[in-house]
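Accompanying notes for the structure given below.
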Amino acid sequence: MRIFEVGIENFGLFNDCTIHLSPKMNIIQGENEAGKSTLLTFVRWVLFGFARNEKLVPFSGGDPSGYLLVDLDGKECVIRRQGKSLKGELSIVVDGKNLTGKEAEHFLAKLLGSITDNVYKNVFAFGLGELQQISTVEDDQEVSSFLYSSGLYPGKLPLSAITKELEDKSKALYSPSRHAKNPLINQELRSWEEIEDKLGEFKNDPEKYNSCLKEIEETGKELTHISERIRTLQEKRDWLGVLSKGRPTWSKIQEIKTLMELIEVDDEFPAESLGQVEKLKAEIEECENRLLALNADLSTHKEELNALVLDEKILENAAEIEFLSGELSRFTEWKSGVQGLQDEITALEESLEKQIVGRLGNGWNLDKLKEEERTFSYEINDTVRKTEERFKDQEFAIKQAGEKIEAADTKKRTLDQEEETLQEELQRLDVIDNFPEIKDAFETYRHLAPSRAFLKGQIEAQKEPKAKPKKLSPVLFLIPAVLLAVLSGVFGLKANWPLAVAGATGAAFSIGLQIVASRRYKKALVAWQEQESKRLEELEKLLDEMKKIDAKLELAKEVLPSSASSDQANLIDLIQKHIEAEEDKWQKREELQRKLGHLATEKAKCEDERKAAEAALKEALKLEEESRSQWEAFLRENDLPQMEPLNILDWLSAYRELKTRVDELRQKAVQKNAVQANIKQFTEKAENLALRLGKNLENVEIDVVSWKKELSENNDTLLKKERLETEVKRIETQIKIEAEKKKGKSEELDGILEKAKVSTVEEFRTLAKRKTDKDELRKQLALHQSNLISLVSGEESRQKLLADLASFSEAELQKDINDTDLALASARTEQNQASEKLGRLQEQRSQLETGRQTEELLRQKASTKQKLSEYAKQWSQLVICRYLIEKARATYEREKQPGVLKTASTYFEKITNGNYIKVMSPLTEQRFEVLSRDRKVKGTNELSRGTLEQLALCLRLGLILEFAKHQTPLPLVIDDILVNFDPNRAANTLRILADLESMHQVLFFTCQTHLVGLCEDNNIEFKLTVLKNGKVVSSA
Amino acid sequence: MFRFIHAADLHLGNSGPSTSGFSKQWADLIYKATTTAFSNLIDKAIELNVDFVILAGDVLDTANPNLNSQLDLFAGLNKLSRAGIQVFMAGGNHDPLDLKKAQTTLPEGVHLFGERAETIPFVKGGVTLAEITGISFPVAKVSDDLSRQLVPGTKGFQIAVLHSNVKGAGKKENYAPSKLEYLTQSGFDYWALGHVHTRAVLSEKPHVVYPGTTQGTHVNETGEKGCYLVEVENDSVSLQFIPTSAYTWEKLELEAPKTLNELTELLEGLDELASGAKKVYRLKLTGMTPLYETLITDLKDLEERFKEGKHYVLESVELDILPDVDLEEVKLEESLPGEFLREAERLMALGVSSELKEQLAPLYDRLGGILDDLDEEEVKSIINGSIALGIELFWRGESR
């Protein structure tokens, strides 16, 4: 690919710039910031788009855009890119076809082949910076993989990585070290050993099984044997158990037999009667004790009886005493009741006496009221109340008429006073008598004077063609002056000096004004002259009108005081004010006169009202007198005191109330008498009783109570006596019974003792106890014997039991038992052990038979073997692969060399004038070595700066040529790399670059002008383009 | 007329291939296969009402004791004994006489030949119809030609029972080697041999017969396995193969598929391929394929996915494939891969070479007792694998 034309439409500082390039060597020269780097970026952008972090936007705004016109093997092709996004929009014109979008991208990708933006930047377009760091070539994965591997094989993995991968993988599978744990094969080998070890444990299984079967049989036999032994021992132990159980009973029996022989008593002794004997003995003693107690009791009772005394009289009158005693409380009540009633009566009488006189009037007292039998019905109250109301109405009518008369009189007096005041006020008002006439004249004048003056002016103006205002003005102003003078004179007459002076001044001022007015009229007259002819006609009319006004003025003048004529306008105002004041007075006078008329009417009305009231009063008085006489007749008729109706109502209510109280008094007296009768009766009864008792009655209440007490005491005594007598009788009977009882018992006891052939109860007791003890022992003996026999069954066994018991001692028996128990326990232990053993053996047998564990192990073994075989194969492949590669590499490294290094070596030799003859790189390492002319191998760190840069350039050139083998050659863009080259090496370099032109177009950017000369000196053909500020300055 | 069953190499107790990853059903079937085969044999003997059964060695699998297989053996022998069928057994290299037995006494009618040759008559209806002469391995390793010790009897049909490797009969280890010429001239009518697992009739009249194993337990023991039913009438001897295996091995060696679809279809078709029989497959893919990387990476997944079907299990998948690169052309290049291929070719040509063994010694020295020594086929497979690996690495990242 060669670029003919770079069309930068909008990119960085470039704007519409077209650069034509030579298809071969180009030197693009420009100062710093002329746009060289931008141009480089532009070429890359069109080919690859932006890298992620290096967007370059146009300075003038808008989208970046531009194209490259290139030659593709003789075909013209336009590659064009536009847009801000990373890739922008690509369009390509080739073969008359316009490719866009994916189609265009695809075409370009195919054209660029494996060269990515990154590769292009590092290999095809580079500057001094990249050269100075040889590591940019080494570090970049894409580039270095290409660099180291190109020509070795198609892939991109460095050889070192390949061998490492193989080694890593084989190590992950197996390590020959016995201690390695992680590699898979080592793991499986360990499993294998473990499985083998475990399987080894099962090696002897068949023998185990065989001996197991044998042991099972033997153990079975042993168990049978042990069981037999246990059975025999158990039988013996059971018999010993019986003996041991019977032993205490047997001992007891022997003991009892010995005891029984020791007790001396007749077997026939009636020991069973002991209870009877004891009982009788006790009963006899009891009888004796009771008799003693009864006799003592009897004598006590008798003594008590003799001490009792009774009052016969009291007892005989018991009923009467009881009665009086029962009524006594009522008697006491009566006594206090009588006193209370008497107190109430007395208090009531006193209160009534006072009230009767107070409320019923003199002549009345309690006795009179008691005798009075009249009652007053409540109808009377109604009559009285009606009369009362009538009296009230009549009194009101009289009072009302009187009040009306008085009111009429008062009103009349007020009206009179008012009239007097108004008259006085009227007189005080100083009114001009002919004021209406004066006023009328003034009004007329005031209205007509200006009209007339105006008219007169007009007339004069019409009459004369030229202005003669001086003649007009005196006439015009004279009239008011005269009028004002007249008014001044009038006021002067009335001694109103201020107004008079004002009037005079006004007149003088009118004259002054006239002078001023005449000047003004001079101008007016000019106009008048022009219209003169027309106005003349109207003159006549005006004169007529003038005459009419004058007639009226005459009239006014006549009325107004002649001396008051003046011409001053101000005076008119003053006069007008004066007239207005006069007019107020005039109106007030009329108001007063109207009020006086009204007062006269009121007075007449007042007189009428008084007369009507007097007539009403007379009528009312007459009615009252009639009612009064009727009332008095009524009182007499009903025998009532002469009183006003209201008082009669009070009196009646008092009468009725008091009469009720008198009745109450009477009832209380009756009550009191009844109680006193009761008291008397009770007292008489008491006196009679006292007589019968032979006692004096001193105080009824005290005595009755005392008698009652005595009676109670006598009654108690009487009761006690009767009780004691009964008790004495009862005791006497008991004594008799007890004596009988004692006798019977004693006889019975004696009979029993005789029968037992003993003399005393004590003796009987001793013998009876012996007999009972012996009987008890006999019973026990029988019980033990039956117990002992019940331990066994069968006569033979019984005999043997008794015999064995008799022949073995306790200690011997116990020893025998212990021995047997021990033997049994040991036999059982043996049995258990044998059983367990059997179980274990059977378990072992069944385990051996199922063979689970071996099965599992065998399966594991198979699985492990398979894995081992698989891994071993993988490992072998890896190891052999690596072995083969190593062998191949050694041969290759020895016999061949990668193309890049070969080319680089050639160029490096050329540039250094043969100082260095070879560039090398160990195949599995990422570093370079150079071989000097004298066959010394040097590392990159041993080279000078310039030489190192030259080495880097040569490596790039090697790469470029290697790429060119596989795809379209791309233009080289080289940015000022010769700075550190000496002139000789720089010239060598430029020559090499120029030689590349057969394959690659070269764009060499520089800011140094001397390079142009250097090229020319070395006969290197090139095209020079000079850039400045984004523009092509010159191109040759 | 009489008839008998001739079987050998039962290898009771051989657990077969690894069953990890299989369903329990398949795992048990494989693990118990030898026992099942023996059981089938006994059933068949009883069903056919044969006169006797000859077991010519390697009845048990290994010198390692496996009690269960012994118990299985005794159970089977007991069954035959109860059915009135005699058994003549000779011990082979896997079950020599020094083998520890679980039971010392053999069931009635079961005869185990001792370490010295002996002849036992077979009498039917009072007539000695045949005489059976045999000998057992006294120890596992016998290098003597034991056939020389067997001498035919005088009455009836003469049968020899021996566990022996007849020269040229198989590539098994050379135990008790014997020569066919000798056998055919020995005077016996029927050599009932054991040891070689592939059935073979080496000679007729006199008959020299390997019945093969009753159950294949290894990928190399492919196809139907069983025993022979031998009928003897007058002088005529007829052989009939009776299958006994619980399952059979199949090796599938196929051209590596070019697409994933093709591969999936292939694997999906395995069940149909097995068609009713129980099969254990080993699949081997060979040749160049564009699927090289996919297969290498996804092999385990694929194996897992198609591990078993109704009628088959996949024992393993072996890859002998190469990336899709024209190796012949590369081989001519003056490039590193060219050099590499040329080296590989050279090594391949050497076969099981000391050069190769030297490289692999660090591992194979340790695997000695576990895996068999490498054979030509395995070496070829390893070198092919190495080539594939190398090519893949040399081409990795190349845009094709």
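For the range A:1-30, which positions are assigned to a strand (DSSP E or B), hydrophobic (A, V, I, L, M, F, W, C) and surrounded by fewer than 20 Cβ atoms within 10 Å (Cβ to Cβ)?
The answer is A:Phe4, and nothing else.
Restricting to the range A:720-753, count the residues that are in contact (Cβ under 8 Å) with a residue 60 or more places away in the chain, within 30 Å of A:Glu272 (Cβ to Cβ) and among the acidic types (Asp, Glu).
Total satisfying the criteria: 2.
Against the definition (under 27 Å from B:Thr36 (Cβ atoms), surrounded by fewer than 16 Cβ atoms within 10 Å (Cβ to Cβ) and touching a residue at least 24 places away in the same chain (Cβ under 8 Å)), how does B:Leu260 come out, yes or no? Let's see the steps before the verdict.
Working: under 27 Å from B:Thr36 (Cβ atoms): no; surrounded by fewer than 16 Cβ atoms within 10 Å (Cβ to Cβ): yes; touching a residue at least 24 places away in the same chain (Cβ under 8 Å): yes.
So B:Leu260 does not fit the description; no.
Report the residue count in the range B:375-387 for those that are more than 8 Å from chain A (Cβ to nearest Cβ) and either under 19 Å from A:Tyr883 (Cβ atoms) or in contact (Cβ under 8 Å) with a residue 24 or more places away in the chain (or both).
Total meeting the criteria: 4.
So, of the residues in the range A:961-986 that are part of a helix (DSSP H, G or I) and touching a helix residue (DSSP H, G or I) at 6+ places or on another chain (Cβ under 6 Å), which turns out to be nearest to A:Asn915 (Cα to Cα)?
Among those that are part of a helix (DSSP H, G or I) and touching a helix residue (DSSP H, G or I) at 6+ places or on another chain (Cβ under 6 Å), it is A:Arg985.
Looking only at the range A:992-1011, filter to residues that are surrounded by 16 or more Cβ atoms within 10 Å (Cβ to Cβ) and part of a helix (DSSP H, G or I); which one of those is modelled with the lowest pLDDT?
Result: A:Glu997.
Looking at B:Gly309, B:Gly338, B:Gly226, B:Gly269, which is the one that is without any contact (Cβ under 8 Å) to a residue 12 or more places away in the chain and surrounded by 18 or more Cβ atoms within 10 Å (Cβ to Cβ)?
One residue alone meets the criteria, B:Gly338.
Within the range A:88-126, how many residues turn out to be in contact with a strand residue (DSSP E or B) (Cβ under 6 Å, 6 or more places away or on another chain), surrounded by 14 or more Cβ atoms within 10 Å (Cβ to Cβ) and part of a strand (DSSP E or B)?
Summing the residues that are in contact with a strand residue (DSSP E or B) (Cβ under 6 Å, 6 or more places away or on another chain), surrounded by 14 or more Cβ atoms within 10 Å (Cβ to Cβ) and part of a strand (DSSP E or B) in the range A:88-126 gives 8.
Of everything in the range A:196-206 that's farther than 15 Å from A:Gly851 by Cβ and loosely packed, with under 15 Cβ neighbours inside 10 Å, which residue is nearest to the other protein chains (Cβ to nearest Cβ)?
If we take residues in the range A:196-206 being farther than 15 Å from A:Gly851 by Cβ and loosely packed, with under 15 Cβ neighbours inside 10 Å, then A:Gly200 is nearest to the other protein chains (Cβ to nearest Cβ).
A:Glu327: in a helix (DSSP H, G or I), more than 60 Å from the chain's Cα centre (by Cα) and within 30 Å of A:Glu701 (Cα to Cα), yes or no?
Working: in a helix (DSSP H, G or I): yes; more than 60 Å from the chain's Cα centre (by Cα): yes; within 30 Å of A:Glu701 (Cα to Cα): yes.
Judged against the criteria, A:Glu327 is a match.
Go through the range B:30-54 and count every residue that is closer than 24 Å to A:Leu848 by Cβ and either within 14 Å of chain A (Cβ to nearest Cβ) or outside any helix (DSSP H, G or I) (or both).
The qualifying residues number 6.
Could you tell me which numbered condition A:Leu40 fails, if it satisfies all but one of (1) surrounded by 19 or more Cβ atoms within 10 Å (Cβ to Cβ); (2) assigned to a strand (DSSP E or B)?
(2)
Condition check: surrounded by 20 or more Cβ atoms within 10 Å (Cβ to Cβ), within 30 Å of B:Ala33 (Cα to Cα), more than 7 Å from every other protein chain (Cβ to nearest Cβ) and in contact with a helix residue (DSSP H, G or I) (Cβ under 8 Å, 6 or more places away or on another chain). Does A:Thr864 satisfy that? Before the answer, list the steps.
Values: surrounded by 20 or more Cβ atoms within 10 Å (Cβ to Cβ): yes; within 30 Å of B:Ala33 (Cα to Cα): yes; more than 7 Å from every other protein chain (Cβ to nearest Cβ): yes; in contact with a helix residue (DSSP H, G or I) (Cβ under 8 Å, 6 or more places away or on another chain): yes.
So A:Thr864 fits the description; yes.
Is it the case that some residue within the range B:55-69 is more than 14 Å from chain A (Cβ to nearest Cβ), in contact (Cβ under 8 Å) with a residue 60 or more places away in the chain and surrounded by fewer than 24 Cβ atoms within 10 Å (Cβ to Cβ)?
Within the range B:55-69, none of the residues are more than 14 Å from chain A (Cβ to nearest Cβ), in contact (Cβ under 8 Å) with a residue 60 or more places away in the chain and surrounded by fewer than 24 Cβ atoms within 10 Å (Cβ to Cβ).
Give the range A:60-82 a look and list any residue that's surrounded by fewer than 14 Cβ atoms within 10 Å (Cβ to Cβ) and farther than 19 Å from A:Arg2 by Cα, or say none.
A:Ser60, A:Gly61, A:Gly62
Answer yes or no as to whether A:Ile230 is over 19 Å from A:Ile880 (Cα atoms) and either in contact with a His (Cβ under 7 Å, 6 or more places away or on another chain) or hydrophobic (A, V, I, L, M, F, W, C) (or both).
Spelling it out, A:Ile230 is indeed over 19 Å from A:Ile880 (Cα atoms) and either in contact with a His (Cβ under 7 Å, 6 or more places away or on another chain) or hydrophobic (A, V, I, L, M, F, W, C) (or both).
Identify all residues within the range A:153-195 that are under 25 Å from B:Gln70 (Cβ atoms), within 9 Å of chain B (Cβ to nearest Cβ) and surrounded by fewer than 19 Cβ atoms within 10 Å (Cβ to Cβ); write none if there are none. Reasoning before the result, please.
As a first pass, look at the range A:153-195 and keep what is under 25 Å from B:Gln70 (Cβ atoms): A:192, A:194-195.
Checking which are within 9 Å of chain B (Cβ to nearest Cβ) leaves us with A:192.
Within the range A:153-195, none qualify.
Among the residues in the range A:237-247, are any over 30 Å from A:Trp707 (Cβ atoms), surrounded by 14 or more Cβ atoms within 10 Å (Cβ to Cβ) and of a type in the set (S, T, N, Q)?
There is at least one residue in the range A:237-247 that is over 30 Å from A:Trp707 (Cβ atoms), surrounded by 14 or more Cβ atoms within 10 Å (Cβ to Cβ) and of a type in the set (S, T, N, Q).
Evaluate the following for A:Gln877: is it of a type in the set (S, T, N, Q), surrounded by fewer than 16 Cβ atoms within 10 Å (Cβ to Cβ), within 14 Å of chain B (Cβ to nearest Cβ) and closer than 30 Å to A:Leu173 by Cα?
no
Of the residues that make up the range B:343-350, is at least one at the interface with another protein chain (Cβ under 7 Å from one of its Cβ atoms) and without any contact (Cβ under 8 Å) to a residue 24 or more places away in the chain?
Yes, there is a match, as at least one residue in the range B:343-350 is at the interface with another protein chain (Cβ under 7 Å from one of its Cβ atoms) and without any contact (Cβ under 8 Å) to a residue 24 or more places away in the chain.
The values are calculated or read from the model by the stated rules, or taken from the named source; none is laboratory data. Bear in mind that the values here come from a model prediction, so they are computed numbers and not experimental data. Cβ: placed from backbone, ideal geometry, glycine included. Neighbour counts: every protein chain shown.
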